[in-house]
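Before any comments, here is the structure.
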Amino acid sequence: MSNPFREDLVSRSRPEACTVVIFGATGDLTHRKLIPALYNLAIDGELPTGVKIIGFARRDKSDEVFRDGLKELNREVSRNGHDEEIWGDFENMVEYHQSEFQDADGYRRLAERLDAIDAERGGKGNRLFYIASAPEYFDDVLEHLKSAGLNESRDGCWSRVIVEKPFGVDLASARHLNEVVNQTFEEKDTYRIDHYLGKETAQNIMVLRFANAIFEPLWNSRYIKQVQITCAEHLGMEGGRGGYYDKSGALRDMVQNHLLQLLSLVAMEPPTDLSADGVRDEKVKVIRSLRQWDSPELVEENVVRAQYSAGHVHGKSVVGYREEDRVDPESMTETYVALRCMVDTWRWSGVPFYIRMGKRLPKKATEISVHFRPAPNVLFNATPGETDEGNVLVIRIQPDEGISLRMVSKIPGTTLRLEPVKMDFHYSTSFGKGSPEAYERLLLDAMAGDATLFARRDEVEEAWRFIDHIQRGWHDSGEGDELSMAEFVAGSWGPEEADALLEKDGNSWRRL
Amino acid sequence: MNRSEEMMTAPENAELLGVEVPVAKIERKLRELWEVDDARANASLINLALYSEENGDLARNSEIVREITREHACRALLIGRDVSVEKVSVRSWITAHCHLVHGKKSVCCEQIAFHLTGTSRGRFRNTIFAHLQSDLPLVFWWQGNLSGMFNESLYRRIDRFVIDSSDWGDVVAQYGRVNAAIEEVGLVVQDLAWTRTYHFRLAVASLYDDLVAARSLVGTRSVKVVVSEQYRTSGLLLLAWFAEMAGWERAQDLIEDDGHGGSYRFETREGGLVDASVVFEEGGAPIGMIEVESVGVCLRVSREVGGKHLHHQFISEGHVVDLHGPVDSDFRAELLADQLSRGGKNSLFKRTLPTFLSLLHWEGS
């Protein structure tokens, strides 16, 4: 039954009332991101009436204890602050369900509980299952949801699943997981979350490209020389993160999902419409068009991996990666990776896309820089000693979200001196109001059935195919040896090998 | 201008408007403001003009702009017109409102205040609008009753026209002029009386997400809106929105207008009759309540005077929803800031307008 009063009230698909079941409800993600996101939606009046939240986890605790834990963290991290009155209403929506992930009876009890909630709500039985548990339980959760019949859409109501990363650890495991997911939920009801896509500036990439007529005519190999995507983190393995990270590494943890998603947004063709599949059809074509580095030689030529050694970050001395807590002292896991990617399409022929991601770099920054070809070497550019740098368009994803354009200008004076200057747009100074957190937008989209900002099965698998070739090149070079692991001092911008990767093309990393 | 003439044309609290500068030197003096401090960033996304014919409003509006610029970078033009003085004159002041963003960078917005007397043809174009920042949209907030200055040559230049119909005496006549401008040039109107209803509308919509509530809509018998008398147009707009979204038609003329509100009757799509009323409550909240009753069912969104939340309730046999939600600000500066954040072309307001005007005329008939 449609709600006529929702019409036109907000300019996007309408989220519908549902019960959100979070698997892994005692984890950090639930406490720091998911519950504060739902609470902030409630504060903004965006959460549909009738939403219920059930935390599903193994630990034995009461509703009250669970709520108290959520409240404590919400006070700390909520974007809009913490209002006791609204929290009071909000926490009444939250319940705790104790069960092992492998316990069939726990899911049967969950089904009964959901039915009771639906009856109380007047029969509306929309369900949103959020799998935020450790990845090894994904299969169990999905299979038991199916056995309990919780995956079925009934009486015009829907049943959807959101799956957190990591979505597999390689192509084979991703395919297996996709099989399990799709045996349980239809692809249209599956939402693979990549929180980078919920960030305001990531969403703005398409707006920048397709709502401004000046960029698209230049957005090709004729005018663009190279594209760089950088994700720099100054943190290392604080908070016991080394255990997880050592099994994953920079390539699988960040490049396979977030950074390839950004690349696809930059390189995609204009979609025919803004429907979820319209956009995702174009994004997957980009990933599919990535030239495969499918031999150890090609990997060595186009990919650099490295680990940080002891150094200084933000004035503090830090240990090297292999000395970090919960990290194997002989670890061959990369904390830094730099790739040269080629998108073999008509539009991008010959344009390198460089991606770099690293821990313990000098600062935290994620940005995309589009480097235009320099103007012809005549007139001003013919003057000896003058700059031949081209224009650079920078899209800053985080922090200090914004866009800047570097151009060349005459320095005031009687002589002709040219210097690069920067036109800058900062979200924070132009729009005083803070942007919603990525999870707020994404949760609302899932309730509204809009999958545009979620990864589709083929996107995930194509990305893994690309990553798997690199992993194989590193770990299985044919002679039983691994390809070399470079090293760089913590607090520097990465190994020399990464600089050399660009120098071969006559390029250099943008200074951040 | 001699000393006595100057005194006569000075606005109240002119010292709060910044530095007085000759009109011809406004832009140069503004540049000088920035030259003294490199650490500040000058930002603007819109031109925001605030127009008033009430003496003393220039200083008050400067305070409003200070609040608005916390969230909305703009070039602000304050225009005060003293209609009691016939002699044509213009005086101007400049200042900047600076705020720390995230505790770090100081971001400033320029403000130019004009005090006008007398009537001079084309003065908006050649004196005031000459100081708009090029390419940025013009949001024009007209405070108080519309005067002869509200004419086509003015409203053709405006991208968003902000009013607060709660200020108006003769709402029918004033809205008649606004509606004519909408029809003539497609003026985008943002009535703060409408903005004031935002969270009430959101709350009602949210309650009807509930399946039991949604099913009850078809059997609605009555709708009651309670407002403080000054906010009568907000009450009518809320009622008009409800009727429009529910697909109801006006059933007959005003049943009653006893000076404490008005009663109306609508016909639903299914042919049922709904009694509706807008009731004034002395000393109450600007909008105190909307209550919708069906057989055995009551949906209510209410607010106490000074309350920081709206109370959302849906009560039927064996099924109760009882929640609290956000409320619209009682301060105009914050209402305008909220409205600017939402942006858009106000299509829902335009959709509601014919029903609202019909209720207004209903009363007037």
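The values are calculated or read from the model by the stated rules, or taken from the named source; none is laboratory data. Keep in mind that what you see is a predicted model, and the values were worked out from it rather than measured. Glycine gets a Cβ as well: all are built from the backbone with ideal geometry, and neighbour counts include every protein chain shown. Side chains are part of the model used for accessible areas, which takes the heavy atoms of the whole protein and leaves out ligands, DNA and RNA. Shrake-Rupley method; radii C 1.70, N 1.55, O 1.52, S 1.80 Å.
What the table below lists for this structure:
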{"read-out": "Environment charge at B:Ser294 (Cβ cut-off 10 Å; Lys +1, Arg +1, Asp -1, Glu -1)", "value": "+1"}
{"read-out": "DSSP-defined beta bridges in chain B - what % are antiparallel, rounded to 5", "value": "60"}
{"read-out": "Using θ = phi - 60° and Karplus 6.51 cos²θ - 1.76 cosθ + 1.60, couplings along region A:246-256 (whole Hz; Gly, Pro as x)", "value": "5, 8, 10, x, 4, 5, 7, 6, 10, 6, 4"}
{"read-out": "Under 15 Å, Cβ to Cβ, from B:Asp135 - net charge with Lys/Arg +1 and Asp/Glu -1", "value": "+1"}
{"read-out": "Model label zone, B:Ala130; criterion: amide N under 19 Å from point 7 Å along Cα-to-beta-carbon; scope region B:73-94", "value": "B:76-81, B:88-94"}
{"read-out": "Residue-averaged beta-carbon neighbours from other chains (10 angstrom radius) around B:70-81", "value": "1"}
{"read-out": "Placed amide H near A:Phe454: partners under 5 Å, 5+ positions off or other chain", "value": "none"}
{"read-out": "Cα radius of gyration and Dmax for the protein assembly as shown (Å)", "value": "30.8, 99"}
{"read-out": "Accessible surface, 1.4 Å probe, highest first, among residues B:Ser84, B:Ser341, A:Ser428, B:Ser62", "value": "B:Ser84, B:Ser341, A:Ser428, B:Ser62"}
{"read-out": "Student exercise, chain A dipole from Lys, Arg, Asp, Glu Cβ charges, in Debye to nearest 20", "value": "1520"}
{"read-out": "Per-pair calculated FRET efficiency, R0 = 56 Å: A:Ala448 and A:Asn377 via Cβ, rounded to 0.05", "value": "0.60"}
{"read-out": "Nitroxide proxy distance, nm - points 7 Å out along Cα→Cβ at A:Asp155 and A:Trp346", "value": "5.3"}
{"read-out": "Gain in span if fully extended, B:Val320 to B:Ser106, counting 0.36 nm per residue against the direct Cα distance", "value": "72.1 nm"}
{"read-out": "In sequence order, calculated HN-Hα J values of region B:209-226 (Karplus, 6.51, -1.76, 1.60; Hz; x Gly/Pro)", "value": "5, 5, 4, 5, 5, 4, 5, 6, 4, 4, x, 4, 9, 8, 10, 10, 10, 10"}
{"read-out": "Area of B:Leu58 that stays accessible when all protein chains are in place (1.4 Å probe, Å², to 10)", "value": "10"}
{"read-out": "Sequence-distant residues sharing a close amide H with A:Val313 (under 5 Å, placed H)", "value": "A:Val318"}
{"read-out": "In the B-A interface, the accessible area buried, summed over both sides, Å² (probe 1.4 Å)", "value": "3100"}
{"read-out": "Greater than 23 Å apart at Cα, pairs in A:Lys165/A:Lys364; A:Lys71/A:Lys188; A:Lys188/A:Lys285; A:Lys316/A:Lys363; A:Lys33/A:Lys61; A:Lys165/A:Lys359", "value": "A:Lys71/A:Lys188"}
{"read-out": "Isotropically averaged projected area of region A:214-297, using the convex hull of Cα atoms (one quarter of hull area), nm²", "value": "8.8"}
{"read-out": "Rough spin-label spacing in nm, given labels placed 7 Å along Cα→Cβ, for A:Ile411 and B:Val172", "value": "7.2"}
{"read-out": "For region B:3-158, average projected area of the Cα convex hull in nm²", "value": "9.4"}
{"read-out": "Karplus 3J(HN,Hα) series, Hz, for region A:159-166 with 6.51 cos²θ - 1.76 cosθ + 1.60 (x for Gly, Pro)", "value": "9, 10, 10, 10, 10, 7, 6, x"}
{"read-out": "Unpaired by the 4.7 Å Cβ criterion, cysteines found in the protein assembly as shown", "value": "A:Cys18, A:Cys157, A:Cys231, A:Cys341, B:Cys74, B:Cys109, B:Cys298"}
{"read-out": "Full-extension gain in nm, A:Asp505 to A:Asn80, via 0.36 nm per residue minus C-alpha separation", "value": "148.3 nm"}
{"read-out": "Amide proton proximity set for A:Phe129, modelled H, under 5 Å, gap of 5+", "value": "A:Val21, A:Arg160, A:Val161, A:Ile162"}
{"read-out": "Residue mean of other protein chain beta carbons inside 10 Å, B:207-218", "value": "6"}
{"read-out": "Solvent-accessible area per residue for region B:3-158 (1.4 angstrom probe, square angstrom)", "value": "48"}
{"read-out": "DSSP bridge pairs, region B:3-158: antiparallel proportion in percent, nearest 5", "value": "40"}
{"read-out": "Residue-level accessible surface for B:Met149, protein heavy atoms, 1.4 Å, Å²", "value": "40"}
{"read-out": "Residues A:Asp63 and B:Glu32, FRET efficiency given R0 of 56 Å [Cβ-Cβ distance, rounded to 0.05]", "value": "0.30"}
{"read-out": "Whole-percent carbon and sulfur share, accessible surface of the protein assembly as shown, 1.4 Å", "value": "48"}
{"read-out": "0 to 90° range, to nearest 10: angle between helix A:276-288 axis and chain A longest Cα axis", "value": "50"}
{"read-out": "Coil-residue trypsin sites (Lys or Arg not before Pro) of region A:292-355, DSSP, other Cβ within 10 Å capped at 16", "value": "A:Arg326, A:Arg347"}
{"read-out": "Area of B:Asp322 that stays accessible when all protein chains are in place (1.4 Å probe, Å², to 10)", "value": "80"}
{"read-out": "Number of partner chain Cβ atoms within 10 Å, mean per residue of B:323-329", "value": "5"}
